[in-house]
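The structure appears below as structure tokens.
The values are calculated or read from the model by the stated rules, or taken from the named source; none is laboratory data. Everything numeric here is computed off the predicted structure, so don't read it as measured data. Cβ: placed from backbone, ideal geometry, glycine included. Neighbour counts: every protein chain shown.
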Amino acid sequence: MGERTLKLAIVDERALDRECLGQSLIAHGLEMDITLFSSIDMWRSALATNFCGILINVGARDFLHAQLNEELTLLIANYPDLPVIILSDNQNIEQIFAALQIGVRGYIPSTVGIDVCVQAIALALAGGMFISMESLNDIQKLLFKVSQVESKRSQMFTAREQTVIEALRRGKANKIIAFELGLSESTVKVHIRNIMKKLHASNRTEAIYKINAEFE
């Protein structure tokens with residue numbers, strides 16, 4: 001028997017875009033058959049198990065939008081062994097994190113060249129994960145900022161005060177905070193007074209505002 005030909009599915013609701021993308025990938029060295037689909041449902045109605053991966057061009061659609069997120073989450077859950085790769089105009093870090101969290105194997109920004117796109121697809125299909133260098137740099141900056149914020153908070157507040165702060169930010173009343181933390185309500189009030197004093201805030205509303213402004 002001959003060697004099995006690899007098949008990649010490309011999903012894009014825009015006919016011209018998906019045809020140009022498919023032809024460009026082949027022209028730049030992607031050595032596999034490509035089949036084009038206008039939607040995930042159209043791909044699913046075909047013999048979906050015959051594909052080694054699926055590239056979905058979401059364009060400018062927001063990955064954080066419930067409908068798109070649910071659609072891709074369901075796809076990955078139903079086909080756990082199928083590498084899902086996203087091509088997107090959106091390079092928002094939160095969007096990239098959301099995609100990776102549900103199991104996307106590659107997040108390709110539309111700003112990269114076609115050669116990088118070919119390499120990204122090959123990496124994802126080989127079991128790796130692709131994120132652009134620009135996105136990695138943004139993630140590193142974000143993680144550094146988060147670590148600085150956490151360090152500053154830990155220096156300013158005790159561990160218990162930080163727990164109370166998170167409860168305050170969620171709008172919880174003193175009684176609820178006391179119940180959840182196993183403390184007396186009077187102890188919670190002491191923690192809140194200490195937090196307000198450290199922030200030079202006159203009330204809890206001002207304290208929450210200053211926390212959000214200082215540590216976000």
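Considering Gly22, Gly29, which residue is in the same structural domain as Ile121 (by TED's automatic domain parsing), assigned to a loop (DSSP other than H, G, I, E, B) and not charged (D, E, K, R)?
Testing whether each residue is in the same structural domain as Ile121 (by TED's automatic domain parsing), assigned to a loop (DSSP other than H, G, I, E, B) and not charged (D, E, K, R) leaves just Gly29.
Take the residues of the stretch 196-213 that are part of a helix (DSSP H, G or I) and free of Cβ contacts under 8 Å to residues at least 12 places away in the same chain: which is farthest from the chain's Cα centre (by Cα)?
Lys197
Taking the condition surrounded by fewer than 19 Cβ atoms within 10 Å (Cβ to Cβ) and either over 21 Å from Ala126 (Cα atoms) or of a type in the set (S, T, N, Q) (or both), does Ala27 pass?
Considered against the rule, which asks whether it is surrounded by fewer than 19 Cβ atoms within 10 Å (Cβ to Cβ) and either over 21 Å from Ala126 (Cα atoms) or of a type in the set (S, T, N, Q) (or both), Ala27 comes out as no.
Please enumerate the residues belonging to the stretch 52-75 that are over 12 Å from the mean Cα position of the chain (by Cα) and not in a helix (DSSP H, G or I).
Of everything in the stretch 52-75, those that are over 12 Å from the mean Cα position of the chain (by Cα) and not in a helix (DSSP H, G or I) turn out to be Cys52, Gly53, Ile54, Leu55, Ile56, Asn57, Val58, Gly59, Ala60, Arg61.
Considering only the stretch 134-167, state which residues are loosely packed, with under 11 Cβ neighbours inside 10 Å and over 21 Å from the mean Cα position of the chain (by Cα).
Ser151, Gln155, Ala159, listed by residue number.
With (1) in contact with a helix residue (DSSP H, G or I) (Cβ under 9 Å, 6 or more places away or on another chain); (2) over 30 Å from Leu30 (Cβ atoms); (3) not aromatic (Phe, Trp, Tyr) as the list, and Leu143 as the residue in question, which single condition is left unmet?
It fails just one condition, (1).
Take the conditions assigned to a helix (DSSP H, G or I) and within 31 Å of the chain's Cα centre (by Cα) and apply them to Arg193. Does it pass? Show your work before the answer.
Numbers: assigned to a helix (DSSP H, G or I): yes; within 31 Å of the chain's Cα centre (by Cα): no.
Spelling it out, it is not the case that Arg193 is assigned to a helix (DSSP H, G or I) and within 31 Å of the chain's Cα centre (by Cα).
Just give me the residues in the stretch 76-98 being free of Cβ contacts under 8 Å to residues at least 60 places away in the same chain and either part of a strand (DSSP E or B) or touching a Gly at 6+ places or on another chain (Cβ under 9 Å) (or both), in sequence order.
Passing the criteria: Ile76, Ala77, Pro80, Leu82, Pro83, Val84, Ile85, Ile86, Ser88, Asp89, Asn90.
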